[in-house]
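Report on one structure; see the data block that follows.
Values in this text are rule-based calculations from the coordinates and carry no lab data. Predicted model only: the values in this text are computed from it and were never measured. Ideal geometry is used to build each Cβ from the backbone, glycine not excepted, and the neighbour counts take in all protein chains shown.
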Amino acid sequence: MMKSFKFEVVAQDKKARVGKLMSPHGAVETPAFLPVATQASVKALDTRDLHEAGVGMILSNTYHLYLRPGADTIAKLGGLHKFMGWDGPILTDSGGFQVFSLGFGIEHEVGKMTKLFSGEISGGLNPGGDQGSTLAVRTKLCKVEEEGPTFQSHLDGSVHFFPPEKSVATQIKLGADFIVALDECTSPLHDYDYTKVSMERSHRWEMRSLLAARDKNMFGVIQGGPFKDLRVASAKFVSEGDFFGVGIGGALVNKKIMREILDWIGPHLDPAKPRHLLGIGAIDDIFEAVERGVDIFDCVTPTRLARAGLLLPNIDVTKAVYKDDPKFAYLHHLFRARELLAYRLATIHNVKFMMNLMADIRQSIMEKRFAKLKQKWVK
């Protein structure tokens with residue numbers, strides 16, 4: 001493992017912790033929220049906007065970049081950093097969530113939760129999150145087998161075999177600082193037997209990912225659905241393995257069970273490794289997870305809400321009440337007039353809000369007052 005990659009915990013308030021995640025593209029203080037640059041872009045923003053909002057690190061989606069413009073194209077152009085003009089750290093996911101969303105996610109008509117987890121938006125399941133799907137279908141577009149998943153592109157219907165080795169090779173071509181092992185995200189509706197079979201297969205895929213990674217800084221992913229013994233077994237597998245970090249994924253079912261899962265796995269996690277709760281970014285969920293020792297979050301929700309005129313923490317700027325409001329009248333007008341600037345300004349607000357919130361959380365941990373700050377935000 002390259003010496004320039006390192007994670008260290010610098011302060012704690014009970015289980016909540018402040019850390020520093022270091023890479024050749026810079027250091028990121030944790031707990032950190034990663035805006036999602038699905039297709040090498042945080043929607044409506046350029047990289048200067050991200051820097052000015054205080055963003056330290058972003059996440060990009062391997063599945064989408066593999067399909068368009070292609071990992072080889074991005075590699076020829078110098079990797080994701082040069083391609084999108086971003087000089088900070090980048091984490092790429094594995095495509096594992098798309099395996100789920102194109103497969104049982106469509107069949108069961110669910111996401112990671114039986115309802116969309118943040119509880120703030122409704123709508124159909126898109127493969128990977130922050131964009132509309134080209135194909136309006138409700139049939140499975142993915143088949144999962146031992147050797148790996150085969151999926152049908154949501155763009156043009158083309159068929160792709162995407163085993164762990166290809167997921168890793170794609171992430172390496174993209175040039176990410178941190179990568180994620182391929183896993184299968186199970187449905188909240190899967191029973192114990194299927195979840196166990198899937199978890200064990202995911203562990204084999206993750207070992208194959210490690211072998212293919214060539215000392216890249218990889219996060220393994222804990223699976224096991226809502227079943228305590230499976231979650232504990234998976235936590236031990238990932239934590240004791242030769243992974244740089246620990247990802248927490250799979251079917252979290254609902255907020256209560258998410259908290260229980262974090263309580264189950266916490267005692268079995270290596271305290272020296274960073275912990276990433278994949279795809280979660282609602283304010284209350286962040287506080288609950290930080291309280292249980294989670295370091296990193298990512299989610300499309302803040303940027304998606306912004307494009308609907310919903311400003312964090314709880315302002316719908318499209319409502320008529322803001323027509324003459326000195327602070328929000330202009331943005332209200334932009335949304336009503338469907339001006340593109342509305343999306344940019346609202347997204348800047350929500351991303352900056354998340355960065356400020358994470359900074360407040362870090363400061364509260366440093367000053368041993370995290371519980372008091374949580375009381376302010378989580379009723």
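Of note:
- Among Thr303, Thr150, Thr170: highest mean-square fluctuation, GNM of the chain, C-alpha pairs under 10 Å: Thr150
- Annotation for Lys256 and Val9: the two label points, set 7 Å from Cα along the Cα-Cβ direction, are 2.9 nm apart.
- Dipole axis of the chain (+1 Lys, Arg; -1 Asp, Glu on Cβ), positive-most option in Leu155, Ala342, Ser101: Ala342
- Estimated inter-spin distance, Tyr330 and Lys76, nm [label 7 Å along Cα→Cβ]: 4.3
- In Hz, Karplus ³J(HN,Hα) per residue of region 162-179 (6.51, -1.76, 1.60; θ = phi - 60°; x = Gly, Pro): 10, x, x, 4, 6, 4, 5, 4, 5, 5, 5, 4, 5, x, 5, 6, 10, 10
- With the helix formula -39500 (n - 2.57) applied to DSSP H stretches of n ≥ 4, the chain reaches a computed 222 nm mean residue ellipticity of -11500 deg cm²/dmol.
- One decimal place: the segment Asp360-Arg204 gains 52.2 nm when fully extended, by the rule 0.36 nm per residue minus the C-alpha distance.
- Ranked by how many other beta carbons lie within 10 Å on average, peptides 310-323, 283-296, 257-270 from highest: 283-296, 257-270, 310-323
- Each residue, Trp377 and Glu145, gets one label point 7 Å from its Cα in the Cβ direction; the gap between the two is 4.6 nm.
- Normalised by 2.2 N^0.38 Å, where N counts its residues, the alpha-carbon radius of gyration of region 10-307 equals 0.91.
- Positive minus negative residues near Leu345 (Lys, Arg vs Asp, Glu; Cβ under 14 Å): +3
- In order along region 312-317, the Karplus-derived 3J(HN,Hα) couplings, from 6.51 cos²θ - 1.76 cosθ + 1.60 at θ = phi - 60°, round to 5, x, 7, 10, 9, 6 Hz, and Gly and Pro are given as x.
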